[in-house]
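The values are calculated or read from the model by the stated rules, or taken from the named source; none is laboratory data. The structure presented is a predicted model; accordingly, all values stated were derived computationally and were not measured. Reconstructed Cβ throughout: ideal geometry from the backbone, glycine too, with neighbour counts over all protein chains shown. Ligands, DNA and RNA are excluded from the accessible area calculation, which covers all protein heavy atoms including side chains. Shrake-Rupley method; radii C 1.70, N 1.55, O 1.52, S 1.80 Å.
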Amino acid sequence: MPTCIETTTANWESISEQKRNDIISAIPEDWILKNIPSSEKEPNAKLYLDKVLPEAEQSITSLDTIELRDKIANGELSSYEVCFAFCHRAALAHQLVNCCIEIFFDKALERAKELDEILKATGKPVGRLHGVPISLKDQVNLEGFDSSIGYAALVGKPKRADDVSLLAKILYNEGAVFYVKTAVPTAMMCVETYSNINGYTTNSNNRNLSSGGSSGGEGSLIGCQGSVLGIGTDIGGSIRIPSALNGIYGLRPSHGRIPYMKVFNSYLGQEVMPSVIGPMSVSLKGLKLFTQVVLDSKPWLWDPKSMPIPWRYDQITDQYSNKKLCFGVWKWDKLVMPHPPVLRAVDECVAALKKAGHQVVEWDPPCRKSLVDIGLEVLSADRYKEIEENCAKTGEPLFEALRNLCVDSGSKQPIEVNAWWDISERKYALQQTYSEYWNNTVNSTGTGRPVDGIIAPVWCSASYENDNSYKTPFNYTVPFNVLDFPSVVVPVLRSDKSIDLKDESYVPVDEIDNTVQEYYDAEKFDNMPVSVQVVGRRWEDEKALFMAEVLSESLSSNP
């Protein structure tokens, strides 16, 4: 159980030190690494774990969600041995990439043992996630554990039974086993994962680079295969960026599809560009299973913000599986040119889809800059007053990424209500303009339908170093938050310094673009995963997942 700290009198340094000690003390002594290898010697945490963990545990943690569930259900694996393998791997992963903020292996193993006993006694699994370990982003409330979201002031304030997130209850009732909560940046307002409590979370593929954020703990843990399925949230890219940077799959659902009820958050009540919650996984199958299980529980009966839209994947498959699809390809937004490996990933998707018989057209939508600008207006509406007030409670300093937000946000006065209404009205107008553009593509697809979905970069870079995220802006994530479009991250390739050479002839659009181009270093980002996002129309989450599957299969058939 976490140590209870009186944050009104303690300072942030003592709180943070105690919290870090609590995390390490929750790891069994024989799982503590005696000598943690340097990031220079062992940059790839996943490969290092593959070398040091027992073969039997490796074989378990290499399975995807469906395989794990089925092997547990048929008795080939026990819930306990699966839980043990993932707890062990997560413990070592944390020591390498600093990805966890709450560890409770003892409770998880006890839960797994109970599930085994139920299966033995009844011959039936508890639910469709029986025995599947699921990691949770810090803000998902569990009884007895903090949801500190990176603030020292919120450490030592465990949640009560009536605080537990609806989503956690749904997954638990389906047999899931919770074993860790994962690290986030302070306030979850950064695209790198750092807090004064926990320090930096680094990338599972290269510990010298960032995990992304704000679901960076999830991204890095899943990238290390210390989790097969986890939960992230996304208000400006926070599921998609860590998924892309760590080479895993992620779903940013439409608002209201996955219940957010009793999930803790910054800026609670902000509804113009609301945060959404969704799955991150080692496979598309994991995303689909998670979404189906949650929607089949009818969350709208409890959460008034949940849309009463049931799982419709089978209908989508019946409607489109024998049809040629048409994808709009948004290679760049004419504001910030993505780095060479990102452009190559988009090109490979185009080639694979064409080879599979699908149609591809250029996507050149309106309002590109306006969508980014209005998203940033929403995020800065209180001029980061909430962040500064929470940090001030314990004397927390603003670290680099937060300082870039708070100090550079202009006026220190939060906007007035009329200005907020104006933002909401302008957002609605942008949504209408974008919908009109999408509808008009019916004239260029050759399918008799408008474009089915969009293929776009997730981020303009394959990665970035800690404290350098500001050099790679939000241009390819925030627009889809403003529009509230579902988006699925699909890994495509790895960067290659011998292929992905800088285009010396390219002339940057402006100073922001110039900063992005100057930051590219083929050597530094060599062998990093590169992904794209498959974007659908609002509330067509099942179709977005279907299109991601079409893309993934096309890529597999076009090596």
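From (1) touching a strand residue (DSSP E or B) at 6+ places or on another chain (Cβ under 6 Å); (2) over 15 Å from Val329 (Cα atoms); (3) buried (at least 24 other Cβ atoms within 10 Å of the Cβ), pick out the condition that doesn't hold for Ser463.
Going through (1) touching a strand residue (DSSP E or B) at 6+ places or on another chain (Cβ under 6 Å); (2) over 15 Å from Val329 (Cα atoms); (3) buried (at least 24 other Cβ atoms within 10 Å of the Cβ) one by one, Ser463 breaks only (1).
Taking the stretch 425-442, which residues are more than 20 Å from Glu362 (Cα to Cα), in contact (Cβ under 8 Å) with a residue 24 or more places away in the chain and either β-branched (Val, Ile, Thr) or open to solvent by 40 Å² or more (accessible area, probe 1.4 Å) (or both)?
Residue satisfying the conditions is Arg426 alone.
Which pairs turn up if I take residues in the stretch 298-310 that are in a helix (DSSP H, G or I) and look for partners that are modelled with pLDDT of 95 or more with beta carbon separation below 6 Å, at least 6 apart in sequence or on another chain?
Filtered contacts from the stretch 298-310: Pro299/Pro259; Pro299/Ser306; Trp300/Ser306; Trp300/Pro308.
For the stretch 179-197, which residues satisfy the criterion of being in contact with a strand residue (DSSP E or B) (Cβ under 6 Å, 6 or more places away or on another chain) and open to solvent by 10 Å² or more (accessible area, probe 1.4 Å)?
Tyr194
If I filter the stretch 357-369 for residues that are surrounded by fewer than 21 Cβ atoms within 10 Å (Cβ to Cβ) and closer than 24 Å to Pro279 by Cβ, do I get at least one hit?
No, there is no match, as no residue in the stretch 357-369 is surrounded by fewer than 21 Cβ atoms within 10 Å (Cβ to Cβ) and closer than 24 Å to Pro279 by Cβ.
Can you name the residue in the stretch 104-129 that is over 16 Å from Lys169 (Cβ atoms) and assigned to a loop (DSSP other than H, G, I, E, B) and is also nearest to the chain's Cα centre (by Cα) among such residues?
By that ranking, first place goes to Phe104.
Which of the residues belonging to the stretch 431-467 are over 24 Å from the mean Cα position of the chain (by Cα) and of a type in the set (A, V, I, L, M, F, W, C)?
Passing the criteria: Trp438, Val442, Val451.
Check the stretch 332-348 and report whether any residue there is in a helix (DSSP H, G or I) and surrounded by fewer than 17 Cβ atoms within 10 Å (Cβ to Cβ).
Yes, there is a match, as at least one residue in the stretch 332-348 is in a helix (DSSP H, G or I) and surrounded by fewer than 17 Cβ atoms within 10 Å (Cβ to Cβ).
Does the stretch 224-237 hold any residues that are open to solvent by 10 Å² or more (accessible area, probe 1.4 Å) and under 17 Å from Glu42 (Cα atoms), and which are they? Lay out the reasoning, then the answer.
Going residue by residue through the stretch 224-237, those that are open to solvent by 10 Å² or more (accessible area, probe 1.4 Å) are 225, 235.
Gln225 - this is the single residue of the stretch 224-237 that is open to solvent by 10 Å² or more (accessible area, probe 1.4 Å) and under 17 Å from Glu42 (Cα atoms).
Select from the stretch 131-161 the residues that are open to solvent by less than 10 Å² (accessible area, probe 1.4 Å) and among the charged types (D, E, K, R) and list them in ascending order.
Within the stretch 131-161, Lys137, Asp138, Asp146 meet the criteria.
Given (1) in contact with a Pro (Cβ under 9 Å, 6 or more places away or on another chain); (2) within 20 Å of Arg240 (Cα to Cα), where does Ala548 come up short, assuming only one miss?
If we test Ala548 against (1) in contact with a Pro (Cβ under 9 Å, 6 or more places away or on another chain); (2) within 20 Å of Arg240 (Cα to Cα), just (1) comes out false.
Only one of these is at negative phi, open to solvent by less than 10 Å² (accessible area, probe 1.4 Å) and in contact (Cβ under 8 Å) with a residue 40 or more places away in the chain: Arg240, Arg207. Name it. Even if it seems obvious, please write down each step before you answer.
On the way: Arg207 fails: open to solvent by less than 10 Å² (accessible area, probe 1.4 Å).
Unique residue meeting the criteria: Arg240.
Conditions first: (1) in contact with a Pro (Cβ under 7 Å, 6 or more places away or on another chain); (2) not assigned by the TED database to the domain that holds Cys224. Gly278 passes all but one, so which condition is the exception?
(2)
Could you check the stretch 469-527 and list, in sequence order, the residues that are crowded, with 19+ Cβ neighbours inside 10 Å and modelled with pLDDT under 95?
Ser469, Thr472, Pro473, Phe474
Go through the stretch 110-130 and give me each residue that's open to solvent by less than 70 Å² (accessible area, probe 1.4 Å) and in contact (Cβ under 8 Å) with a residue 40 or more places away in the chain.
Arg111, Ala112, Leu115, Leu119, Pro125, Val126, Gly127, Leu129, His130
Report, ordered by the first and then the second residue, all pairs with beta carbons closer than 8 Å, sequence separation of six or more or different chains, a first member in the stretch 531-554 that is more than 14 Å from Leu287 (Cα to Cα) and open to solvent by 10 Å² or more (accessible area, probe 1.4 Å), and a second member that is assigned to a loop (DSSP other than H, G, I, E, B) and of a type in the set (Phe, Trp, Tyr).
Arg537/Phe485; Arg538/Phe485
Would you be able to say whether some residue in the stretch 296-315 is out of contact with any Leu (no Cβ under 8 Å at 6 or more places or on another chain), open to solvent by less than 40 Å² (accessible area, probe 1.4 Å) and not small (Gly, Ala, Ser)?
No; the residues of the stretch 296-315 include none that is out of contact with any Leu (no Cβ under 8 Å at 6 or more places or on another chain), open to solvent by less than 40 Å² (accessible area, probe 1.4 Å) and not small (Gly, Ala, Ser).
Yes/no matrix, rows are residues, columns are (1) among the polar types (S, T, N, Q); (2) under 19 Å from the mean Cα position of the chain (by Cα); (3) at negative phi:
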residue	(1), (2), (3)
Tyr506	no, no, yes
Asp510	no, no, yes
Asp513	no, no, yes
Tyr519	no, no, yes
Glu523	no, no, yes
Gln533	yes, yes, yes
Gly536	no, yes, yes
Asp541	no, yes, yes
Ala544	no, yes, yes
